[in-house]
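Structure record follows, encoded as structure tokens.
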Amino acid sequence: MPDGSVRTTTRGSSGADVAASIGAGLAKAALAVKVNGEMKDLDWPIPHDAKVEIVTRKSEEALDLIRHDTAHLLAQAVQELFPGTQVTIGPNIEDGFFYDFARNEPFTPDDLPKIEAKMRELVARDLPTKRTVWKRDDAVKHFLDLGEQYKAEIIRDLPADEEVRVYYHGDWHDLCRGPHLPSTGKIGLGFKLTKIAGAYWRGDAKNAQLQRIYGTAWRDEKELAAYLQRLEEAEKRDHRKIGKEMDLFHIQEEAVGQVFWHPKGWTLYRTVENYIRRKVERADYREVKTPQLIDRKLWEQSGHWENYRPNMFIAEVDEGGGEHARRVLAVKPMNCPGHVQIFKQGLKSYRDLPLRLAEFGACHRYEPSGALHGIMRVRSFVQDDAHIFCTEDQIVDETRRFVALLTEVYKELGFDSFITKLATRPELRGGTEEQWDHAEKALENACKAIGLPYSVNPGEGTFYAPKLEFVLRDAIGRDWQCGTIQLDYVLPERLDAEYIAEDGTRKRPVMLHRAIVGSLERFIGVLIEHHAGKFPLWLAPTQAVVATIVNDADPYAKKVTAALKLASIRTETDLRNEKINYKVREHSLAKVPYLLVAGRKEAEEGTLSVRRLGSERQETIALDALIKQLVAEATPPDLA
RNA sequence: GCUGUUGUAGCGUAGUGGUAGCGCAACGCCUUGGUAAGGCGUAGGUCGUGGGUUCAAUUCCCACCAACAGCACCA
């Protein structure tokens, strides 16, 4: 037992028997049993000398069990309500589960409450669970006879040594590995169906599209309510909503996937851009700018034309000589080929390396319409891009320097931690196997050399290079992949970059592609959601509003605003004929960090009544002292 | 791109086969009020776009565009 005690039972006793021998309460609460660390059904006979733990609702593992059973419940309800619907798979996911069905008629949002009601009914019926083991061929034939072609396919593909188990909940049954709760009644009512979606069979767009129903499930209705509350909170942070509310940007039909930055949004954008510019300059990068339109020849040479042609914006011009003088240019989807062109100007020596070329490169990619999402996934964006041309020997040190820079930037921008993944060679790729072996090994070595923990993300590298991915965690626990460094042997070769080595021979430089925030557009979306629009002072588009109580204070308020602007504090004046309550409410909702209230008293004394966003307290501060305080707080972290 | 849903004033929304309401914002007047919505009034819409059905379409049908959710994609 978990507490170290030993219990003796008769041969063939099950988890349920053990629970019952401990107490009636536990017997009732038992959901499953953990035998030697492995989850099993309660009725599973326990082997000799086993470590046994009874799993109840309170156990950590309970949620997984409940969710998996709820997925089965969903499938059962759907098949009862919509006969002829085929079941496929229904795994657990974060916070819930889904189940994919094959059915000609689509499910509609109106179906969800009906299905949910049926699920509750099945819980109330408290159908007992029964596990059976089948011969593979029998099972395949059985499911084919039922018209369950997907299930039959799954059984055929099971590993040869795997037992074919079929679980019954009442009469309804499904192929499943288990384990399951002893009856449908144990599932409880802490579940809710959340959305319907199309999803491809086996995740492949070439296959048939199934209909997926998503749900969430918890220990009880209280936990469910808390989860739904969390969803609502996340919705409030949505950068599209806040972007509108705070008048930061908009997107419209005539420029799909591109951002119209409003003055306030652009202020935020420039603040971030200028901050990064200072950081890379201090890290010995040289900033450059490369052309937006480049002849297709260069993209053919780099390999982009072959791999990404459908996703590139193309510009065609007639140079006046008829058909033969047509020139095809691509709007750059990446900056790397441009940077190689700069590198290739003039002969480079090993003494020039490492050469770090940085660019706030505006790139355009024709993203599929379904991929677009606010300012997070757009067709026109700017990367904080840079390419480091270096020698083999410099890889580890350059990686170390980059990770140090990135850590600093994330921290200063308000993110405390990130995780690292090593994305290895994808199926579709350029270069030779030797180059890939070499590049993956080199990145691995760099991680080890600088003591950077990482997990492997197999097959997720780019077509020319393996990469390290840096994933941020935001204020409400969501992950965002932003930074990357890619170790590329392919492009320098394809674009024929070389330098003169110490021994006088010509050699290929290694190229490190790297970005810290990735797309500025996307990163600002992340920043908005991370801070819920309540930015630290240095990032806030409007840092202070001077609001008057009476007209008599107008001249003083104007004077205060002028003084603050002189000190580079982004300040607005609110002289409107409104009550102070109204102004406080409005500027608080607009998430203005500092509200500076000026009435008759303040005007006479040369002070302001200061209210910091998020606080209901006010403090009267002399103008001079206030300016000092605001300037200190508004200083970007790298200049403080 | 695929599946489903949606598209009404700057924003948030109601509604109907007989050409549209509400709230906030805007504008005007009254009010000068001390920390989260003061009062009264005015203006603003070819109901996403294009076809069709109908005496009549914002409403019903079709196509397209866009947004949203998920899938696929993300150099």
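Just so you know, all these numbers are worked out from the coordinates, no wet-lab data involved. Quick caveat, the model's predicted, so the values are computed rather than measured. Here Cβ is always computed from backbone atoms with ideal geometry, including for glycine, and neighbour counts include all displayed protein chains.
Is it true that A:E245 is more than 21 Å from A:A358 (Cα to Cα) and either surrounded by fewer than 16 Cβ atoms within 10 Å (Cβ to Cβ) or within 11 Å of RNA strand B (Cβ to nearest atom) (or both)? Yes.
Take segment A:195-219 and flag every residue that is surrounded by 13 or more Cβ atoms within 10 Å (Cβ to Cβ), out of contact with any helix residue (DSSP H, G or I) (no Cβ under 8 Å at 6 or more places or on another chain) and not small (G, A, S).
Passing the criteria: A:Y200, A:R202, A:Q211, A:R212, A:Y214.
Please indicate, with yes or no, whether at least one residue in segment A:199-216 is more than 16 Å from RNA strand B (Cβ to nearest atom) and closer than 30 Å to A:A30 by Cα. The answer is no; no qualifying residue exists.
Look through segment A:320-333, keep the residues that are surrounded by 11 or more Cβ atoms within 10 Å (Cβ to Cβ) and free of Cβ contacts under 8 Å to residues at least 40 places away in the same chain, and return whichever of them is nearest to RNA strand B (Cβ to nearest atom).
The qualifying residue nearest to RNA strand B (Cβ to nearest atom) is A:P333.
Does A:H239 satisfy the condition of being within 14 Å of RNA strand B (Cβ to nearest atom), in contact (Cβ under 8 Å) with a residue 60 or more places away in the chain and not hydrophobic (A, V, I, L, M, F, W, C)? Quick ask: steps written out before the conclusion?
Details: within 14 Å of RNA strand B (Cβ to nearest atom): yes; in contact (Cβ under 8 Å) with a residue 60 or more places away in the chain: yes; not hydrophobic (A, V, I, L, M, F, W, C): yes.
In short, yes.
In contact (Cβ under 8 Å) with a residue 40 or more places away in the chain, surrounded by fewer than 19 Cβ atoms within 10 Å (Cβ to Cβ) and within 16 Å of RNA strand B (Cβ to nearest atom): does that describe A:Y366? Full working, then the answer.
On the way: in contact (Cβ under 8 Å) with a residue 40 or more places away in the chain: yes; surrounded by fewer than 19 Cβ atoms within 10 Å (Cβ to Cβ): yes; within 16 Å of RNA strand B (Cβ to nearest atom): yes.
It is true that A:Y366 is in contact (Cβ under 8 Å) with a residue 40 or more places away in the chain, surrounded by fewer than 19 Cβ atoms within 10 Å (Cβ to Cβ) and within 16 Å of RNA strand B (Cβ to nearest atom).
Whenever a residue of segment A:571-588 is touching a residue at least 24 places away in the same chain (Cβ under 8 Å), its partners that are among the basic types (K, R) and more than 6 Å from RNA strand B (Cβ to nearest atom), lying with C-beta atoms within less than 7 angstrom and at least six residues away or across chains, give the pairs A:T571/A:K565; A:T573/A:K558; A:D574/A:K583.
Mind listing just one residue for me: the one in segment A:434-485 that is among the β-branched types (V, I, T) and buried (at least 18 other Cβ atoms within 10 Å of the Cβ) and, of those, farthest from A:H513 (Cα to Cα)? It would help to see each step written out before you state the result.
Step one: list which residues in segment A:434-485 are among the β-branched types (V, I, T), which gives A:450, A:456, A:462, A:471, A:476, A:484-485.
Okay, now just the ones that are also buried (at least 18 other Cβ atoms within 10 Å of the Cβ), so A:462, A:484-485.
On the way: A:T462: 11, A:T484: 8, A:I485: 6 Å.
Among those residues, the one meeting the criterion is A:T462.
Quickly run through segment A:533-571 and pick out the residues that are closer than 24 Å to A:R240 by Cβ, of a type in the set (D, E, K, R) and within 16 Å of RNA strand B (Cβ to nearest atom). Within segment A:533-571, A:K534 is the sole residue that qualifies.
Considering segment A:576-608 alone, what residues qualify as being over 30 Å from A:K236 (Cα atoms), within 7 Å of RNA strand B (Cβ to nearest atom) and surrounded by fewer than 20 Cβ atoms within 10 Å (Cβ to Cβ)? Lay out the reasoning, then the answer.
At the first step, the residues of segment A:576-608 found to be over 30 Å from A:K236 (Cα atoms) are A:577, A:598-608.
Applying the additional criterion that residues be within 7 Å of RNA strand B (Cβ to nearest atom) yields A:577, A:599-602.
Scanning segment A:576-608 gives A:N577, A:G599, A:R600, A:K601.
Residues in segment A:177-198 that are more than 12 Å from RNA strand B (Cβ to nearest atom) and basic (K, R): A:R177, A:K186, A:K192.
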